[in-house]
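> Have a look at this one before I ask anything.
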Amino acid sequence: MSVKGALQGRSVWSWTFYDWANSAFATTVMAGFFPIFLKQYWSGDADPSTSTFYLGVGNAIAGIIVAAIAPILGAIADRGGARKKFLLFFTVLGVLMTAGLYFVAQGDWQMAVALYVLGTVGFTAGIVFYDALIVDVAKPEHSDFVSGVGYAAGYLGGGLLFAINVWMTLQPATFGLADAAEAVRISFLMVAAWWAIFSIPVFLFVKEREPEVQVGFARAIRTGWKQFIGTFHEIRALKPIFLFLIAYWFYIDGVNTVIKMAVDYGLSLGFESSDLIVALLLTQFVGFPAAVAFGWLGTKIGTKRGIYLAIAVYVFVTFWAYFLDTVAEFFAMAVLIGLVQGGIQSLSRSYYSRLIPPDKSGEFFGFYGMLGKFATIIGPLLMGWVGVLTGSPRMAIMSIVVLFVIGGWLLTLVEEEAVPN
């Protein structure tokens, strides 16, 4: 495979830049500052377990909304040839809600959670249409590498802004800010601006293929529901796709749980929040070259084997987390997660893109996105239930091993010959 050939063209780079843009929300807001700020600023008077419950409910509501609308929106987008239009709508939604977090007053956790939910919907629903556009910018033989470059751009872009935001919170006086709280609030505005500005290339330079039959938007909405039901039955009839989606649902649930609950788990062990956000920052910068490397690895050992490798690493990390005692170990674990986090996501996306019909990528990626976002509900709830039942955060983190094991086993049932490597 020629790297030059894979990355040739303005549309490829414009597509990858969207990952650079929206990953700022994933790093600074979702994984980093929002969980800490919710606990310490917007609900500072509440019991820590109560604020954790607020965060869990917010993530669950956002996940349910996206799970409900993603496949339908995908079907509508394919009918009307409107992937970029929907991507624009959800990008604007996410940008505005993120900027709105700046204006939320101390103690107003209800407004903070509401804006977070809507911002997360914008972020996650937009990814459905961003993922679907990969068939418009990359040839099938290049999809592994281009997908990996996209994730790498996300790690670099999101990590770069997160590094600046972390610096602002650790040394607010350097930036002329009153305190860390003001720095965090300014960071939300910076994420919104970053997301908006670096999203522009995908809308200007990525050319979306026209549907075989062009229909109006109103008709697309009416027929979208029917197509959604038809797509579900079609997926059930296509065994490799159906099995892969179930496998993906389990193992990506574990991945998403690690991403969303890492800070909360570290706080439960008594680690300082400043150490935790620096560890997240480290994960981002390790993830940048690792995502590219995994894209290359997929072309060498096979996409499926690359996914198996990443699952095995996550199982090891989960067992390690059970015995975690020091901040140094947390940092080491963050590096290990960074090595595979982008890889398992990018290889899963490219593997799936070669299983599905290219002219139905929107609706099929709608199911893909639905399962991925619904998985963000099950994992945290599983951890919470086990934690309450056992009274041990260590047992709670161990519970997600079962998700990786089931996902890996189901992946073995996907017929290898159905996917060209």
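> Can you tell me how much longer the chain between D108 and A293 gets when fully stretched, taken as 0.36 nm per residue apart minus their C-alpha distance, in nm with one decimal? Mind showing how you got there, number by number?
On the way: separation 185, 0.36 × 185 = 66.60 nm, distance 4.33 nm.
Full-extension gain reported as 62.3 nm.
> While we're here: What's the FRET efficiency of L309 with H233 using the Cβ-Cβ distance as r and R₀ = 41 Å, to the nearest 0.05?
Here the calculated transfer efficiency is 0.75.
> Then there's this: Take the Cα pairs of the stretch 303-349, get the Kirkwood Rh, then feed it into Stokes-Einstein at 37 °C and 0.692 mPa s and tell me D in µm²/s. Each step should come with its number before you reach the end.
Working: Rh = 11.1 Å.
Result for D is 296 µm²/s.
> Follow-up question, since we're still on this one. If each residue of separation counts as 0.36 nm, what is the full-extension length gain between E415 and D45 once their alpha-carbon separation is subtracted?
Numbers: separation 370, 0.36 × 370 = 133.20 nm, distance 5.37 nm.
Additional length available on full extension: 127.8 nm.
> Hey, if you put +1 on the Cβ of every Lys and Arg and -1 on every Asp and Glu Cβ in the stretch 310-413, which of F364, M395, I337 ends up farthest toward the positive end of that dipole?
F364
> If the label point is 7 Å along Cα→Cβ of V402, which residues in the stretch 293-324 have backbone nitrogen under 17 Å from it?
315, 318-319
> Provide the three semi-axes, in whole Å and in decreasing order, of the ellipsoid equivalent to the stretch 99-191 as defined by the square roots of 5 times the Cα gyration tensor eigenvalues.
In descending order the semi-axes read 33, 19, 7 Å.
> Then there's this: Between S392 and A173, how many nm apart are label points set 7 Å from Cα along the C-beta direction?
About 4.5 nm, to one decimal.
> With θ taken as phi - 60° and the coefficients 6.51, -1.76 and 1.60, list the Karplus ³J(HN,Hα) couplings across the stretch 402-415 in order, rounded to whole Hz; mark glycine and proline as x.
4, 5, 5, 5, 5, x, x, 5, 5, 5, 5, 7, 6, 5
> So for the pair L336, I246, with labels modelled 7 Å out along Cα→Cβ, what separation do we get in nm?
Taking the two extended label points, one gets 3.0 nm.
> Can I ask one more? Kindly state, to the nearest 0.05, the FRET efficiency for S274 paired with D359, given R0 = 45 Å and r defined as their beta-carbon distance.
After rounding to 0.05, the efficiency reads 0.35.
> Give the separation of the Cα centroids, the stretch 146-190 to the stretch 85-105, in Å.
Each part's Cα centre sits 17 Å from the other's.
Readers should treat all values here as calculations from the given coordinates under stated rules, not as data from a laboratory. Predicted, not measured: the structure shown is a model, and the values here were computed from it. A quick note on method: Cβ atoms are made from the backbone with ideal geometry, for glycine too, and the neighbour counts reach across all protein chains shown.
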